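To start, the structure itself, in C-alpha cells.
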Amino acid sequence: MSEKSHTIKIPCTAMPFVCEADRCAAGENEIHIDRIFDCNVAILLLKGSMEIIEDGVPYRLAAGHLFFLKGGVHHWGEKPFERGTVWYYAHFLCPEPDGDMRVFHSPQVTDTDRVYMQESDSRQFIELPKLLDIGEDSETERLFHRLAKAHNSGDTPRTSILLWEIFLSCAEVYRKDSPRNVYVSRIKKYIDGHYHEEISSADIEKLCGISYKHICAVFKENTGMTIKKYLIGARIKASCRLLAETPMSVSEISESVGMGDVYYFSRIFKREKGCSPSKYRKDYVPRI
C-alpha cells in the first residue's frame, strides 16, 4: 500500500485516548519490535537515529523527527537503533472520520467578525503527516514531556488535550509545507545547494535513508515532477542567471551548473526555455 494510505486522520469531534506514553532510551542492539499494533503511535526522536519499516516502506528517523504509525498496519525494524538514541512516544486510539467529513481549514475571519458555528461545521478532520522534521522545536518536546507526565499520573483528560495540541501544531506545519513531505523538502534543499555537482541515486538514498525507488514515487506524488526534472530545472534557472548577469561563455556556464557537455546543455536549455542560450542572452534586457 502507498504511504498516503497510512496517514492518520483525526476527527475534530473526537478526543484521542492515550494508552501509553513515556520517554525511552535505546538498549544495546535494540531493534524495533515486529508487530501489528491496534494503537496509533507518535514518536518524537530527541537523539540518535532508528529505522522503522511500515508495510514494507522503510523510514529512517533522526533527531528532530516526529513520526506517526497507523494502527492495524504491520511495522517492524531490521537495523539496531543508534547507541544513545532517546525518544518520546505515545500510543493512542482515535476513531476514523466519517465518510462525509471534510479536511479541516481554519476560517478566515477578522477580530471584529462574530463567528457562529453550526453543527455541520464540526464534520471535519485533520490529517497528520507520516514524518515531520521539526528540528529543535522545544515547544513540541515540552508538550510530549507534559503529556507523558500527565498520562503517568492518571490524568486522562489532560493527556488527550496535550496530544490534540501536538496534532494541531504538526498539522498546521503539514498544511503550510509544500510539498507536504519531509523527504521532498530535504531533496529540494539538497539539489538547490548541489545542482552544480554530479548527484547520483546513491546520494539521494543516503540523504533520505530509504530506497531511491520509493523516494522517487514520493517526490513525484508530492510535486508532480521527477527528481531528475527538478534537478534540470535548478540547473537551467542557475544558467539563466549566469547568462544574464555574467560574461561567462556558454561552455563555461554549462560546466559550472553541472552539465559539462555543452551540446547536451544547449539542447536541454532550448527545450526548457524555447530558445538557445546565446539567444536568451542576446534578448535579455535588464528592467531598470
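The values are calculated or read from the model by the stated rules, or taken from the named source; none is laboratory data. Not measured: the values here are computed from a predicted model. As a convention, Cβ positions derive from the backbone with ideal geometry for all residues, glycine included, and neighbour counts pool all protein chains shown. In case anyone asks, the SASA skips ligands and DNA or RNA and just uses the protein heavy atoms, side chains included. Shrake-Rupley method; radii C 1.70, N 1.55, O 1.52, S 1.80 Å.
Data overview
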read-out: Label-to-label distance, nm, for residues given as Leu93 and Val73 (7 Å Cα→Cβ offset); value: 2.0
read-out: Mean residue ellipticity (222 nm) of the chain, computed from DSSP H runs ≥ 4 via -39,500 (n - 2.57), nearest 500; value: -12500 deg cm²/dmol
read-out: Solvent-accessible area per residue for the chain (1.4 angstrom probe, square angstrom); value: 56
read-out: Region 120-162 shape via C-alpha gyration tensor axes, a/c threshold 1.5; value: oblate
read-out: Neighbour-limited loop hits for GluC sites (Glu not before Pro), region 188-288 (at most 16 other Cβ within 10 Å; DSSP other than H, G, I, E, B); value: Glu197, Glu198
read-out: Inter-centroid distance (Cα atoms) of region 215-275 relative to region 76-97, Å; value: 40
read-out: Distance-filtered residues of region 10-52 - backbone nitrogen under 18 Å, label point 7 angstrom along Thr156 Cα→Cβ; value: 14-22, 39-40
read-out: Share of carbon and sulfur in the accessible heavy-atom surface of the chain [1.4 Å probe, %]; value: 51
read-out: 0 to 90° range, to nearest 10: angle between helix 212-223 axis and the chain longest Cα axis; value: 90
read-out: Cβ-Cβ FRET estimate between Phe37 and His196, R0 fixed at 45 Å, reported to 0.05; value: 0.50
read-out: Cα-based helix-to-principal-axis angle, 138-152 vs the chain, degrees rounded to 10; value: 20
read-out: Identified option (computed volume of the Cα convex hull per residue in Å³; candidates (1) 162; (2) 194; (3) 172); value: (2)
